[in-house]
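A.B. asks: Have a look at the structure that comes next, please.
The values are calculated or read from the model by the stated rules, or taken from the named source; none is laboratory data. Since the structure is predicted, the reported quantities are computational estimates derived from the model, not experimental observations. With ideal geometry, Cβ positions are generated from the backbone for all residues, glycine too; neighbour counts draw on all protein chains shown.
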Amino acid sequence: MTPQILRDKLIQSAEALGWTTADVPAFTSPDFRGREGSDKPEVPADIFGLRLGFYPVLVAPITLGDVEQMQRNLRRLNAQMVIARSYMRPEEVINAHIMLCATATIELADWRQVVDMAERDETVCRKIVWIPEANALDESYAAFVARTFLATPWQAAGTTLNAPLDHNENLVQRVLVRHGLPRPVADRWVALAEQYGSDPDTLVTELMTARGQS
């Protein structure tokens, strides 16, 4: 897999949320803004600059090898992000991310350790690693994006949020009865809450009156 695939998928995810997206080649420049011609650091290969909504992003490949190799890669990526920040709007800097696409793993390497190292490194910005699975590309991407600012947990919670109102009322009634309120009074309390929900002072008075009549 290549970072180009990750770039394309990130854009699709952002556009699905109705966000504006843009390629930002300046984020991958070897020069700081306004300092062209100065000493140039080594720019990581196959790196992309994006703006996804309010989030500036670098998308880059990463090899999951040993610790020393990861440390070298992180230094280069952090250096590039420092340059990229010079092209960002001030309010964007705090939202900067580096999204890494694992393009290779070295045999016998403890790649879980180096992934953890990369994602814990927030020297310049947050970093998240996608380890694509060729036979389950969409599933592995979904698991990856669920850990990012592009996650949409409210979609998965839709069935709970749309629970019928009478189910909620029955639950409240059962809780009130369990805590010692007679069932007729519990029913009355639920009805009063629906009637006076926007008038808490009156609601409290009516609840106490109903309780005293039990």
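A.B. asks: For D138, indicate whether it is in contact with a helix residue (DSSP H, G or I) (Cβ under 7 Å, 6 or more places away or on another chain) and at pLDDT 80 or above.
C.D. replies: Here the answer is no, as D138 does not meet what is asked.
A.B. asks: Ok, one more. Check whether at least one residue in region 20-32 is on the phi > 0 side of the Ramachandran plot and either out of contact with any strand residue (DSSP E or B) (no Cβ under 8 Å at 6 or more places or on another chain) or not assigned by TED's automatic domain parsing to the domain that holds P132 (or both), and report yes or no.
C.D. replies: No - not one qualifying residue is present in region 20-32.
A.B. asks: Which residues, taken from region 90-107, are among the aliphatic types (A, V, I, L, M), out of contact with any Lys or Arg (no Cβ under 7 Å at 6 or more places or on another chain) and either at pLDDT 90 or above or over 17 Å from I128 (Cα atoms) (or both)?
C.D. replies: Step one: filter region 90-107 for residues among the aliphatic types (A, V, I, L, M), giving 93-94, 96, 98-100, 102, 104, 106.
From what is left, the residues that are out of contact with any Lys or Arg (no Cβ under 7 Å at 6 or more places or on another chain) are 94, 99, 102, 104, 106.
Selection gives I94, M99, A102, I106.
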